[in-house]
Amino acid sequence: MSTSKLHEQEPLVYPGYDAVLLELTTLLTGYPPPFTFIHDSEAFEVTTKVTRSLLEHLSATSSEDTSIAFAHADAACCLSQRSLFEAVIHSLVDFEPEWKDGCSNWESADDIRWNENVDSFLQGLRRAYAHIRQKRSTGKEKGKEREATDRPGLRVVLLIEGAERLRDVMPDVLVPLTRLNELSQLDLCVIFVSRVGWEVIKPPLAASPDPYFIDIPPPTKETAAQILISQFPGLSEETSESTNLYHPSLQNLYSHFVTILCDICHLFTRDPQELQYIAAARWPGFVKLVADANRRKLNTGDEGGMDVDEDVDHVQPPSEEDRLRLIRLISGSFPAAFESLYPRLMNADDWAKANQPPSLASRTLDLRATTNTVEDQSSAHLLEYLPKISKYILVASYLASTNPAKSDLRMFGRGLDEKKRKRRAMKASRKTKGGVAKIAQRLAGPSPFPIDRLVAILGVLLEEYDADSRMPAEEFSIPGEYTDMEISRVDVYSSILELVAARLLHRTTKADQLDGPATFKSAVSYDTTLALAKDLKIPLLDLLWEPVV
Amino acid sequence: MSEGLQKEEEDRQVCFDAYKKAWAKCLDRIQAIARRLLDPVAGQIVKEIEDHATLTGLPHPELPIITVTNPAFRGTFLYDVSQRLDNRSVHLYPSDCHNAIAGMRSLIAGFLEGTRDIVRESHRSTTSVPNYDIKLLVAWYKEFCTVRGNDAQLIVILHDFEVFDTEVMQDIFYICSQHVRALPLVFILSMSSPVPLYLNIAYPRSILKRLRIRKLTLPGGVSVLNTVLLETFFSVDFQPDVILGPIALQYIADFYLRYNPTFDSLITNLQLMHMKHFSIEPLTSILYSTPRSKELSQPEWSDIADDLLTRLAPVSKKLSDEKRNQQWKLLTPANLPNLVEKHRKQLYSRAKAVVVVFNVMKIIQLFLVNEGYKGLGWDFKIGLSDILVEFLQNNVDRDVKDLSLIMRKMSVAQVAKVLPQILDLFSEMEHETAITREATAEVEALIELLKTNSKDDVPNKFSEWATSFFKSNLVSLEENPLWEIWYTGLTPFPSELINPSIRATMISGLLRPHDFTDKVQSTPDVDSEEESLWQLPDTSILFKRYLDSGKMINVYDWFESFQSVLEVQKTELQKAASPRKKRGKPQSPRKLSAKTKGKQKQQEDVEVDDNADQTEEEWKLEVQARFIRALHELDYLGFIKHTKRKADHVIRTVFEVTE
């Protein structure tokens, strides 16, 4: 009965979450399970937001017989058990630590420590429970006289967000939290929201009761679009003072824009927040485009009037025909936007500024945003800033990671006649054996190598390709002696470690391990290495064991 | 003896004072250059921080992050930035953040400690918000805003960001991003890695999406080196007191490009060269001022005076007899100060002339490149140091010849464009000299000529003037008498101090241990005398035997050969000890070894005295013990590889050592 009443009062609508909302509302207002586990791996943050707003909604619109109070804590923000307890209780009683009181905790005047351990936390919880009950009943008593025993029941809901963090940071608190209902002897239920499944977090030996599971399916394309569209009124309220980018008259246009965006980008990510991020970055450009189109129309009507000061404030939704044309125009830039925004190669703000659409007047309207790939950017930077020896080390590391160790002598060894005896792998070796094709080492990922091998290959490279650019040194008369000195210099080793810190080289052994040689793995791509080798005039292709096809 | 020492000490002090002065001047200049290079970036950072505007419609608030990729100027640059800002800022280092709690604690404490006027009253650590909880900072910030009346952003500067633990930083970033509405934090990350996308590589997307990353890159690489070299040693408006020679210049440039492209290493190398110059050349004590002739006759200056007289002696075969006689006459102790003064002025003006010529040629070359010609084909980016070296070695005759040909072929309009640039250069000079005065007049005359009818002749005249100007001013600085005082010439750079070869040092340490442990006072004769094997420490004895062996070493054979050396050592020591304790007695080598512990040393002293009483058994035990110790030392140094291929054998790891 109460459920229907609630829905009648002010239904909380969230696209795509109707079923979940109904389920949760029914449970929480009726007979809630002591421990609920919500799992969402795709749109975790949206789910958290929805759950939280549902609980806020429920606690605000509490019914006659049961009022609901709720507390939430973000497990990732709580670095210790103590701060988790404090976060829960402060959120429950809606308390903010004040600087003037020395940032003391809630009700700490009597030197009561309810943040010390689980027992004291339970006490604190009971106090908070009593406190809220007291507060709520005094609020009501103004209107109605009631007996103390007749107070409405209070139900406390604890929402722990990002519960998977508890397992790593404070595994001890996991079991008490899941059993909080029986421990506290209160009308209380706990909800975990997590990115990973319960079976991963679950404490051993069945110490925790099995939760009531709610699995949130990944949002469909339509749901994602609806979620984005539903944000529009909020945005237009928020920005009504500064700019009119989200003017209510553009609502329809925004819906179309978002639908197309979701059509294109939903293939790659299903997280509505990511889609919204891209929409936020692209929308100002689109509005500008629309404003431009409007202005042009106006100008052609006025026979070239000089009214160019028109502000975005007056953007009117375009006609149906224009809308289709403009959306087609802008949609070409969505993949590029996705490519640089999704991995955060650029932030949305800068991207929006950098990719403002050119004015419609120019005939060559190319909206395909120019984005350099990660590869281009990093190799250009490496070429400019890396010292020469580091470039050699990177090339050597790539060779060491791709060539098998047993090929080194053949690839790099010099014969007696001073002529290189190289032999590349025969093409025949790519024959399939037993039905399984052999994957080229270049594609199979780098393999680890000991530091000595790296230094040895570095020596070969220096001897073969760097001998001309060296400083003259008379003291080294034996062939190869200079290189020998060179590869054991302090700065060679420090450069290797610096490259590890810069993540251009992976160290596969631990830093504090003294036994045995340190091993490394190359972390630069083929293209970067090729660029580096070109810069150093090393014929990389000749030095690779497996030919690049 | 002690007087001599004292005098030496005083001389050194004079040299050291001169060094300090010269280096301070050079360093000031370099730092001014650095400031000028960094100024725009600092301004940019300040602008970024003050830029509050964010895009509307983002799914959640983002934590502003400014990454400063700073491959050349590491270190304290960001302190300058934080001083420019009124905002409160905290500097964090990797050691402050070994875990998330410690990191948050130092972040919060950094802000709290800086404000003495905002004090937390009556706080009990047990019942109030812990000092690593961000709620504390939120509360403090609220108070801060009311007390100070502004809501300035809070700046967190993370130095050496690559060294921070990524997991810890993820937590800290996450926590801060969750409170960014209440707490306007801005993070500045100082990174030395040349990869601008370091954050994208090292951090997961779940954190990246909470950050608003702006990337700034400081100037680095070869451009910094070139600017410093050009503006310090080849600038028309600055004269360094010590002029860098070609070898040192080449090494410094090569080291920068090859190994360590940082500003600090560049400064260190230049400083080292200054130090070396002042320490190997005693005459540098008169680098700045020459003592008067009266002072020179005093005993404390006698060395310097003698030295000067020797060096100024006109022994060159190029001189005619008449000239030589004339110079001999001038060379009196009374006249020395004047001579030194004269040579100082002459050297500096010659050096300046070379610099001016370089700059004029550079202007013409850059102009030619601008016009689309190849010119002399100079590469002012990577190859700059080579060009500078050529100039210092007076090796540019060919270039001058080529350039004069090219200049002759320039059009009148082109010459008209170049000439004012050259005139500008002359006007930038610190002091006007005779050379530039003359040259200025010539160039002005050429410009005047351009306005007349006979302007077609200007390119020829320009070329003629320029060629003669170049030729007359390009001289080798080493022709100047006493150049050693102000010019480092062909002195090599002490590269082994900066970038030694580990293996070579280790092997030479094992082969000649006494060169490292004894004082360097030893006279050259001692070096030539080869020490016999028994005089070396145990590890060295073992190592010498190691070098004599094949690829695999039988440990028992090795032990026996070691034992035989020790037998010799024992008898020699007994021989030396039996008559009386001679001064030059070769001490037990192990006593010299730094690794020997005090306790063992004591025992050994006793042993040398009492080893007559030692039984055969005890001696054998001692030999074994010493062998095992030496073996383990070699093992620890990585010279031995254990193998199970053959019993009692180990494998050598170092071959073909040239002794």
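The values are calculated or read from the model by the stated rules, or taken from the named source; none is laboratory data. Every value quoted in this text rests on a predicted model; they were computed, and no experiment measured them. Don't worry about glycine lacking a Cβ; one is built from the backbone with ideal geometry, like all the others, and counts go over all protein chains shown.
The figures follow:
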read-out	value
Selection count where residues are among the hydroxyl-bearing types (Ser, Thr, Tyr) and assigned to a strand (DSSP E or B), scope region B:165-209	1
Residues of region A:322-344 that turn out to be more than 21 Å from B:Ile201 (Cα to Cα) and either in contact with a Gly (Cβ under 9 Å, 6 or more places away or on another chain) or within 14 Å of chain B (Cβ to nearest Cβ) (or both), as a count	2
Complete set of residues in region B:391-403 that are in a helix (DSSP H, G or I) and farther than 13 Å from B:Gln365 by Cβ	B:Leu392, B:Asp397, B:Arg398, B:Lys401
Single residue of B:Lys294, B:Lys318, B:Lys329, B:Lys323 found to be in a loop (DSSP other than H, G, I, E, B) and surrounded by fewer than 15 Cβ atoms within 10 Å (Cβ to Cβ)	B:Lys318
Sole exception among (1) within 27 Å of the chain's Cα centre (by Cα); (2) under 30 Å from A:Leu235 (Cβ atoms) for B:Pro59, by number	(1)
Subset of region B:85-118 [outside any helix (DSSP H, G or I), within 27 Å of the chain's Cα centre (by Cα) and of a type in the set (Ser, Thr, Tyr)]	B:Tyr93
Qualifying residues in region B:242-265 (those that are more than 21 Å from A:Tyr493 (Cβ to Cβ) and part of a helix (DSSP H, G or I)) - the one nearest to the other protein chains (Cβ to nearest Cβ)	B:Gln250
Residue match in region A:273-289 (condition: of a type in the set (Ser, Thr, Tyr), away from chain B (no Cβ under 14 Å) and outside any loop (DSSP other than H, G, I, E, B))	no
Tally, over region B:113-136, of residues that are at the interface with another protein chain (Cβ under 10 Å from one of its Cβ atoms) and within 17 Å of B:Asn87 (Cβ to Cβ)	1
Test for A:Tyr212: is it at pLDDT 90 or above, closer than 25 Å to B:Pro61 by Cβ and either surrounded by fewer than 23 Cβ atoms within 10 Å (Cβ to Cβ) or assigned by TED's automatic domain parsing to the domain that holds A:Phe338 (or both)	no
Those residues of region A:217-238 which are within 14 Å of another protein chain (Cβ to nearest Cβ), surrounded by 13 or more Cβ atoms within 10 Å (Cβ to Cβ) and either in a helix (DSSP H, G or I) or free of Cβ contacts under 8 Å to residues at least 24 places away in the same chain (or both), in sequence order	A:Ala224, A:Ile227, A:Leu228, A:Ile229, A:Ser230, A:Phe232, A:Leu235, A:Ser236, A:Glu238
Number of the condition not met by A:Met426 [criteria: (1) away from chain B (no Cβ under 14 Å); (2) at pLDDT 75 or above]	(2)
Cβ-Cβ under 8 Å pairs, at least 6 apart or on other chains, region B:185-207 side more than 14 Å from B:Met169 (Cα to Cα), far side among the basic types (Lys, Arg) and surrounded by 20 or more Cβ atoms within 10 Å (Cβ to Cβ)	B:Pro196/B:Lys215
Helices (runs of 4 or more DSSP H) enclosed by region A:160-210 - at least 1 residues per element that are in contact (Cβ under 8 Å) with a residue 40 or more places away in the chain and among the β-branched types (Val, Ile, Thr)	A:164-169, A:174-178
Which numbered condition B:Asn226 misses (of (1) modelled with pLDDT under 90; (2) surrounded by fewer than 22 Cβ atoms within 10 Å (Cβ to Cβ); (3) more than 10 Å from chain A (Cβ to nearest Cβ))	(1)
Whichever residue in region B:119-164 is assigned to a loop (DSSP other than H, G, I, E, B) and touching a residue at least 60 places away in the same chain (Cβ under 8 Å) and, among such residues, is farthest from the chain's Cα centre (by Cα)	B:Ala152
Failed item, numbered, when A:Phe35 is tested on (1) buried (at least 17 other Cβ atoms within 10 Å of the Cβ); (2) modelled with pLDDT of 90 or more; (3) closer than 30 Å to A:Leu275 by Cα	(3)
Long-range neighbours under 7 Å by Cβ, at least six apart or interchain, first residue assigned by TED's automatic domain parsing to the domain that holds A:Gly480 within region A:457-468, second assigned to a helix (DSSP H, G or I) and small (Gly, Ala, Ser)	A:Ile457/A:Ala396; A:Ile457/A:Ala400; A:Leu458/A:Ala396; A:Leu461/A:Ala396
Candidates B:Ala182, B:Ala102, B:Ala139 - the one that is crowded, with 16+ Cβ neighbours inside 10 Å, under 27 Å from A:Ile89 (Cβ atoms) and either facing chain A (nearest Cβ under 9 Å) or out of contact with any strand residue (DSSP E or B) (no Cβ under 7 Å at 6 or more places or on another chain) (or both)	B:Ala139
Residue match in region B:273-294 (condition: of a type in the set (Ser, Thr, Tyr) and within 14 Å of chain A (Cβ to nearest Cβ))	no
Pairs with Cβ under 7 Å, 6+ apart, first in region A:523-544 and over 22 Å from B:Leu257 (Cβ atoms), second in a helix (DSSP H, G or I)	A:Ser525/A:Glu375; A:Tyr526/A:Arg442; A:Asp527/A:Glu375; A:Asp527/A:Ser379; A:Leu543/A:Leu399; A:Leu543/A:Met411; A:Leu544/A:Thr402
Selection status of B:Ser82, under 24 Å from B:Ser193 (Cβ atoms), assigned to a helix (DSSP H, G or I) and modelled with pLDDT under 90	yes
Flag if A:Met306 is farther than 21 Å from A:Ile229 by Cα, at pLDDT below 90 and crowded, with 17+ Cβ neighbours inside 10 Å	no
